[in-house]
1. How many residues are among the polar types (S, T, N, Q), at pLDDT below 95 and surrounded by fewer than 18 Cβ atoms within 10 Å (Cβ to Cβ) if we restrict to the range 222-248?
2. Restrict the check to the range 290-298 and report whether at least one residue is in contact with a helix residue (DSSP H, G or I) (Cβ under 9 Å, 6 or more places away or on another chain) and part of a strand (DSSP E or B).
3. Of everything in the range 537-549, what is part of a loop (DSSP other than H, G, I, E, B), in contact with a Ser or Thr (Cβ under 8 Å, 6 or more places away or on another chain) and either of a type in the set (Val, Ile, Thr) or open to solvent by 60 Å² or more (accessible area, probe 1.4 Å) (or both)? Give them in sequence order.
4. Of all residues being polar (S, T, N, Q) and over 25 Å from residue 522 (Cβ atoms) in the range 561-583, which is surrounded by the fewest Cβ atoms within 10 Å (Cβ to Cβ)? Just the residue, please.
5. (1) open to solvent by 10 Å² or more (accessible area, probe 1.4 Å); (2) within 21 Å of residue 66 (Cβ to Cβ): which one isn't true of residue 207, the others all being true?
6. Given the range 145-263, what helices (runs of 4 or more DSSP H) lie entirely inside it while holding 1 or more residues that are of a type in the set (Ser, Thr, Tyr)?
7. Would you pick out the residues in the range 318-377 that are within 15 Å of the chain's Cα centre (by Cα), of a type in the set (Phe, Trp, Tyr) and either open to solvent by 20 Å² or more (accessible area, probe 1.4 Å) or at pLDDT below 95 (or both)?
Amino acid sequence: MNSILTVTLACLLSVAATAQNSASYVRDIKINGYLGTRINESVTGRIMAQDLDHIIEPFKNKEETRLWQSEFLGKWMLGACDAYKYNRDPQLLEKIKYAVDELLKTQLPNGYIGNYALEFHLKEWDVWGRKYSLLGLQAYYSITKDKRALDACVKLADHLMTQIGPKLADIATTGNYRGMAAGSILEPIVYLYKNTSNNRYLEFAKYIVQQWETAYGPQLITKALNNIPVAERFLPIPKAMQWTLNGHKSYEMMSCYVGLLELYKITGDPSYLSAVEKTANSIIQDEINIVGSASATECFWHGNSQQTTPAFLSNETCVTYTWMQLCSNLYQITKKAEYVDQIEKTMYNALNASMKSGGQHFASYVPLEGFRRVGERQCGLNINCCEANGPRGFAMIPHTVINVDESNIIRVNLYTDTKALVVLNNKNEVEIVESTNYPAADQIHFIINPKKEEELSLAFRIPLWSSKNKLLINDMEQTDAILSGSYLTITRKWKKGDKVTLQLDLQGKLIELNNFQAIVRGPIVLARDSRFNDGFVDETIAIEHDKNKNVNLQPITNSQFGWMAFSVNAITSIYNGDKESFRKVHFTDFGSAGNTWDEKTRYRVWLTKTIEVADRDTWW
């Protein structure tokens, strides 16, 4: 018990010191409602339930030659540290401290932390695993300032720099996937520079990026600046050259760009930010599908235009999380609402669908049709990469809901039942209370409680998909233009008890692609589910809609398995004059679709559209 109190006190002191160094920040956020429940399930069901000794064991044995066991612990630590920043649970902090203590015991005198046998250093996933140890230890350092963790990272990085660098092994030809797996260590190397101010780590970070642009490297900057789509950046090369394995690997490529953004924050090199933004735009236009994820066989494949065709191993949860991470980092730099729009879509659909009720398991893949299943066990352990990564997506949410930027603009990004305290310039505090059942309901109610009256700017995100919007302050409708896909900034003298009501447009919309149909409602994608017992989910269908593709969704209040459920009018199968073809068809939100996690429950997003060649005014 004393150790828990000691660690907790150290952590609180660290948090207080960090807050004092930042003039404005968000403190004490609490999320309730559906989203809050899902976040808590992720923490209790997966993070707190993790058998740490099980995933630490490979670091002790150091017998690996080709697999990736060493990523699991670092990923777990990242999710756990973010979760602790949110819930301040001393038991969680003690569990994180145990993981750190046990990991540090495995560090060799030369600094190596990993699971690979000496003769296989730098092979396959070795550097990738070292990356996650560096990330996890520095995440722990950020919440405790425990110098042991930082010292271990210094030793780990220094040892790596005796193996990789000028006149040593080339980072661009090390490991898998065109050097991107190894090259993604850029992110924690930049953090290490920030934490130590040691210029050697900044130079090593620059070396990594320099090698990317060589003839053998993935050329992540050059190809991005030349607007080459992410699915077309590499030509096939013989597999005998191990480092040349598929350069379109989604997760690893985006991980490199996450690191490049961190280096941009240090150097200010505009080509870095431009490369990441152009890549993100390519991913949005060419790859991200209706539920906010991407990948087939874990690779980019022009998946946006081909999403109506079933693909093997689609929508990997590691890709889902890393896309959210990349968008979050881009938002922090650019303050563009479009990146939060992406986070919201992914969060409510692909991420939400990936976690089993209770949080014990995450799916490795979340296809747009089929059935949910627990991800495979990997590397001889009772875990997989997505179960280690998935909780990070949920742990990210509380830190995204409300932000305050360098200009002291309070940005309300996500709409959910929330209470938060915003500290401004260490001089004023503003309590913000969000009351809403959004996105089930279309209104979000706010109470703004500044400690003292002051002219402040609050920016409310208006999603791109919401075309009819209304904002009221103290029941008075505002006449300011409300532009979809941007922030509506209200600057005024706020006083305690001021009320804001935001109403968004949750009209059901019919989306058509490749002679298939799907329905969205705000950020939520809908799907048929066999548990409705309303027909064959794979049958052809014509969904009733108006000329603007609006769909009349009738809420179902007694759904036994879905967060949201609706019925629509439709003609099913191939109409032959039978009245039974005209009927109501039921849909649930994609996150709830197939949530029995067994193959008896089949769901489907994209429904085959029945073709009508005649122009009939009485049909839709």
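1. Step one: list which residues in the range 222-248 are among the polar types (S, T, N, Q), which gives 222, 226-227, 242, 244, 246.
Still in the running and at pLDDT below 95: 242, 244, 246.
From what is left, the residues that are surrounded by fewer than 18 Cβ atoms within 10 Å (Cβ to Cβ) are 242.
Count: 1.
2. Residues of the range 290-298 that are in contact with a helix residue (DSSP H, G or I) (Cβ under 9 Å, 6 or more places away or on another chain), as a first pass: 290-296, 298.
Still in the running and part of a strand (DSSP E or B): 296.
Yes, the range 290-298 contains a residue that is in contact with a helix residue (DSSP H, G or I) (Cβ under 9 Å, 6 or more places away or on another chain) and part of a strand (DSSP E or B).
3. Quick first cut of the range 537-549, residues part of a loop (DSSP other than H, G, I, E, B) only: 537-540, 544-549.
Keeping just the survivors that are in contact with a Ser or Thr (Cβ under 8 Å, 6 or more places away or on another chain) gives 537-540.
Scanning the range 537-549 gives 537, 540.
4. Going through the range 561-583, the residues polar (S, T, N, Q) turn out to be 567, 569, 572-573, 576, 581.
If we keep only those that are over 25 Å from residue 522 (Cβ atoms) too, we end up with 572-573, 576, 581.
Working: 572: 21, 573: 15, 576: 6, 581: 17.
Looking at the filtered set, the residue picked out is 576.
5. All conditions are met except number (2).
6. Working: elements: 147-160, 180-183, 186-196, 199-212, 220-225.
Because the criterion is at least 1 residues that are of a type in the set (Ser, Thr, Tyr), the helices (runs of 4 or more DSSP H) in the range 145-263 that meet it are 186-196, 199-212, 220-225.
7. Keep residues of the range 318-377 that are within 15 Å of the chain's Cα centre (by Cα), which gives 318-332, 338-355, 362-366.
Going one step further and asking which of them are of a type in the set (Phe, Trp, Tyr), we end up with 321, 323, 331, 339, 348, 362, 365.
The answer is 365, and nothing else.
Table: residues versus (1) charged (D, E, K, R); (2) farther than 22 Å from residue 127 by Cβ; (3) within 20 Å of the chain's Cα centre (by Cα); (4) open to solvent by 10 Å² or more (accessible area, probe 1.4 Å).
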residue	(1), (2), (3), (4)
250	no, no, yes, no
259	no, no, yes, no
268	no, yes, no, yes
281	no, yes, yes, yes
285	no, yes, yes, yes
303	no, yes, yes, no
306	no, yes, no, yes
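The values are calculated or read from the model by the stated rules, or taken from the named source; none is laboratory data. The model shown is predicted, which means the values in this text are computed figures rather than measured ones. Because the Cβ atoms are built from the backbone with ideal geometry, glycine has one as well, and the counts that use them run over all protein chains shown. Quick note on the areas: whole protein, heavy atoms, side chains included, nothing else; ligands and nucleic acids left out. Shrake-Rupley method; radii C 1.70, N 1.55, O 1.52, S 1.80 Å.
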